[in-house]
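To keep things clear, I will list the structure first and then write my remarks on it.
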Amino acid sequence: MSTTIRIASIPGDGIGKDVMVEGIRVLDAAATKFGFRMDWKHFDWSCEYYARHGAMMPADGIDQLRDFDSVYLGAVGFPGVPDHISLWGLLIPIRREFDQYANIRPVYLMPGVKSPLAGREPGSINMMIVRENTEGEYGTQGRFENRGTEDERVIGEATFTRKGVDRILRYAFEQAMTRGRHVTSATKSNGLAITMPYWDERFALMARNYPEVRTDQFHIDILTAQFVRNPDWFDVVVGSNLFGDILSDLAPACAGTIAIAPSANLNPERIHPSMFEPVHGSAPDIAGKGIANPVGQIWAGSMMLDHLGQPEAAAAIMRAIETVLAEGPRTPDVGGKATTVEMGKAIASAL
Ligand code: ATP
Ligand code: MG
């Protein structure tokens, strides 16, 4: 009996709906070729759903997702619905409930895509950003003191736990073992005098378990400059919630366009479902025009298959994406005239 992969798909809003169709098309084609089965269940949770029901998803939404192998998300967001509603009503509960502690963004300069950095050849940017996704600077603990007086002050707490720091560092080192065996840590121990020296200490300890992996660390300020000046230096870059957030937008921008970049919210041990999505949002300016680039969604699908034990299908999808980006048909954002559907079909048949 062939393996069946059960996926909850949430197309969401705007171009999320267009690119999801192409993601499913390509994953179904990969399944046929590599001898497994995709079993999709579609959920219409979105800002449109919010307009009708007053919530982004039903009260038992998380429970409805719990038994799927993964969640495949398009994009949520709509003009007029504040970001915090789409975030806190859908994305953040999924990340939290399923303990998706690693946010992963592979970054690769594809053929046919122009980097904003001068003189970059395809493949010369090839890194993976590993962001801690559950703790750190994005805490909700804090307090105001002397509110309304001259001595007013506000204190916000950042919490780094040994468990939280070690598990993201371990994940980064494990990834490096399958890639270029190099991990760079984003720090700021010259400014954040309590939390970041702790991060550095745990990084040094974790590195001892991986003698084959080359390590270095940069303060976040100089690190962002290095991304622009010497992106080919980097393999795996690991950062806290805040630093990882910054780097995981900067790096795909250096590699051309957010339209082709994927993102994974991982529960690496697969105790809970992970979630895979493109980096871009719902792009209301081009929604419904049929010209959205489907590559970010399809690449996210490749990551999903890799995570679910289908590395050959995942790699074949990546080769198909590279072929179509190099030879066309391409959507307008990468210099072509093709529609979303034409590009998706071309990637499916390149498989
Ligand atoms: P959201 O509020 O959902 O995050 P947004 O307005 O921030 O949406 P993004 O989707 O993040 O928009 O993208 C910013 C711009 O980049 C869009 O306005 C769009 O023109 C372009 N863009 C994003 N994704 C794609 C894509 N897949 N194909 C083509 N262009 C895209
Ligand atoms: Mg946005």
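As an exercise: evaluate TYR171 against (1) more than 19 Å from ALA102 (Cα to Cα); (2) at pLDDT 95 or above; (3) not small (Gly, Ala, Ser) and give the number of the one condition it does not meet.
(1)
Mind checking whether some residue in the stretch 168-178 is under 23 Å from ILE92 (Cβ atoms), touching a Pro at 6+ places or on another chain (Cβ under 9 Å) and among the hydrophobic types (A, V, I, L, M, F, W, C)?
No: zero hits.
Among the residues of the stretch 266-276, is any at negative phi and within 16 Å of ligand 2 (Cβ to nearest atom)?
Among the residues of the stretch 266-276, not one is at negative phi and within 16 Å of ligand 2 (Cβ to nearest atom), which makes the answer no.
Evaluate the following for ALA326: is it surrounded by fewer than 18 Cβ atoms within 10 Å (Cβ to Cβ) and either in contact with a helix residue (DSSP H, G or I) (Cβ under 9 Å, 6 or more places away or on another chain) or not hydroxyl-bearing (Ser, Thr, Tyr) (or both)?
Yes.
Given the structure, is SER240 of a type in the set (Ser, Thr, Tyr), within 14 Å of ligand 1 (Cβ to nearest atom) and over 21 Å from THR339 (Cβ atoms)?
It is false that SER240 is of a type in the set (Ser, Thr, Tyr), within 14 Å of ligand 1 (Cβ to nearest atom) and over 21 Å from THR339 (Cβ atoms).
Could you tell me which of the residues ILE222, ILE258 is under 22 Å from ARG120 (Cα atoms) and surrounded by fewer than 14 Cβ atoms within 10 Å (Cβ to Cβ)? Spell out the reasoning first.
Details: ILE258 fails: surrounded by fewer than 14 Cβ atoms within 10 Å (Cβ to Cβ).
Going through ILE222, ILE258 in turn, just one is under 22 Å from ARG120 (Cα atoms) and surrounded by fewer than 14 Cβ atoms within 10 Å (Cβ to Cβ): ILE222.
So if I check each of SER240, SER248, SER263, which one is within 15 Å of ligand 2 (Cβ to nearest atom), buried (at least 24 other Cβ atoms within 10 Å of the Cβ) and closer than 27 Å to PHE203 by Cα?
The conditions single out SER263.
Condition check: surrounded by fewer than 21 Cβ atoms within 10 Å (Cβ to Cβ) and over 21 Å from the mean Cα position of the chain (by Cα). Does LYS41 satisfy that? Can you show your working first?
Numbers: surrounded by fewer than 21 Cβ atoms within 10 Å (Cβ to Cβ): yes; over 21 Å from the mean Cα position of the chain (by Cα): yes.
The answer is yes for LYS41.
The values are calculated or read from the model by the stated rules, or taken from the named source; none is laboratory data. Worth saying up front: this structure is predicted, and the values here are computed from it rather than measured. Every residue, glycine among them, receives a Cβ derived from its backbone with ideal geometry; neighbour counts consider all protein chains shown.
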